[in-house]
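Structure first, commentary second.
The values are calculated or read from the model by the stated rules, or taken from the named source; none is laboratory data. All of these numbers come straight from a predicted model, not from anything done at the bench. Glycine gets a Cβ as well: all are built from the backbone with ideal geometry, and neighbour counts include every protein chain shown. Ligands, DNA and RNA are excluded from the accessible area calculation, which covers all protein heavy atoms including side chains. Shrake-Rupley method; radii C 1.70, N 1.55, O 1.52, S 1.80 Å.
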Amino acid sequence: DAMVIQNPRYQVTQFGKPVTLSCSQTLNHNVMYWYQQKSSQAPKLLFHYYDKDFNNEADTPDNFQSRRPNTSFCFLDIRSPGLGDAAMYLCATSRDFQGGLLGYTFGSGTRLTVV
Amino acid sequence: AQRVTQPEKLLSVFKGAPVELKCNYSYSGSPELFWYVQYSRQRLQLLLRHISRESIKGFTADLNKGETSFHLKKPFAQEEDSAMYYCALSSGGYNKLIFGAGTRLAVHP
């Protein structure tokens, strides 16, 4: 089935140690999004790629970076994770910006624990 | 500021009872509104969109611009409806989705 796949499902990292979360998609959607969801809170958009164009939300910390080497893959890099970065990280895709009309397709998420 | 508010963290009902999950929004333009659902151990998935005026799994939602609300309703809840429900608003030139904090619906036998 065409879908959005996030690896790993659970990630434990040490305080301050760089970590990378992965997202891949077989939908050939040109827009990919990364959301952060902390416990009992709304998912919060960190940034998105429209094709190769990167768009950062104004309040996304500099500690968070992203790479999109090709249409299928998108990575979330956390350069120096702090305890406050522990969260579920959700990847989503949409075709063009039709996500606003048709909705997004989400991955299962990666739960990040910082120790 | 654009915001989505879901006032209830938990809604607990018995099977067969009516359900209404509340959603209020603040947005200066013409919003596109959605309900997403997350069943246990599954990914977040689109339930319905206001523009399609559809009924999915017996759920409906009506956009009330006067009250800035988009409540999700079902006349007779089923146990399989137990899940986390998120209301979302599409805003901005690139249709960024803004989510509410979610309401957990628990349907008891």
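Residue check: is B:SER90 part of a strand (DSSP E or B) and of a type in the set (Gly, Ala, Ser)? Before the answer, list the steps.
Details: part of a strand (DSSP E or B): yes; of a type in the set (Gly, Ala, Ser): yes.
Criteria met by B:SER90.
Every residue, every condition in (1) within 10 Å of the chain's Cα centre (by Cα); (2) within 14 Å of chain B (Cβ to nearest Cβ), yes or no:
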site	(1), (2)
A:LYS44	no, yes
A:PHE47	yes, yes
A:ASN55	no, yes
A:THR71	no, no
A:PRO81	no, no
A:TYR104	no, yes
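Can you find a residue that is more than 12 Å from every other protein chain (Cβ to nearest Cβ), over 29 Å from B:ALA83 (Cβ atoms) and surrounded by fewer than 19 Cβ atoms within 10 Å (Cβ to Cβ) anywhere in segment A:83-94?
Yes: segment A:83-94 contains one or more residues that are more than 12 Å from every other protein chain (Cβ to nearest Cβ), over 29 Å from B:ALA83 (Cβ atoms) and surrounded by fewer than 19 Cβ atoms within 10 Å (Cβ to Cβ).
State whether the residues of segment B:66-73 include one that is within 14 Å of another protein chain (Cβ to nearest Cβ), in a loop (DSSP other than H, G, I, E, B) and among the small types (Gly, Ala, Ser).
Within segment B:66-73, none of the residues are within 14 Å of another protein chain (Cβ to nearest Cβ), in a loop (DSSP other than H, G, I, E, B) and among the small types (Gly, Ala, Ser).
Just one of (1) within 22 Å of B:GLN2 (Cα to Cα); (2) touching a His at 6+ places or on another chain (Cβ under 6 Å) trips up A:PRO61, so point out which.
(2)
Is there a residue in segment A:85-101 that is free of Cβ contacts under 8 Å to residues at least 24 places away in the same chain, farther than 24 Å from B:THR5 by Cβ and not polar (S, T, N, Q)? Outline the logic, then answer.
Applying the first criterion (free of Cβ contacts under 8 Å to residues at least 24 places away in the same chain) to segment A:85-101 yields A:98, A:100-101.
Keeping just the survivors that are farther than 24 Å from B:THR5 by Cβ gives A:98.
If we keep only those that are not polar (S, T, N, Q) as well, we get none.
No, segment A:85-101 has no match at all.
I'm trying to understand the selection: among the residues of segment A:1-56, which are part of a loop (DSSP other than H, G, I, E, B), open to solvent by 70 Å² or more (accessible area, probe 1.4 Å) and under 17 Å from A:SER94 (Cα atoms)?
Of everything in segment A:1-56, those that are part of a loop (DSSP other than H, G, I, E, B), open to solvent by 70 Å² or more (accessible area, probe 1.4 Å) and under 17 Å from A:SER94 (Cα atoms) turn out to be A:ASP1, A:THR26, A:ASN28, A:ASP51, A:LYS52.
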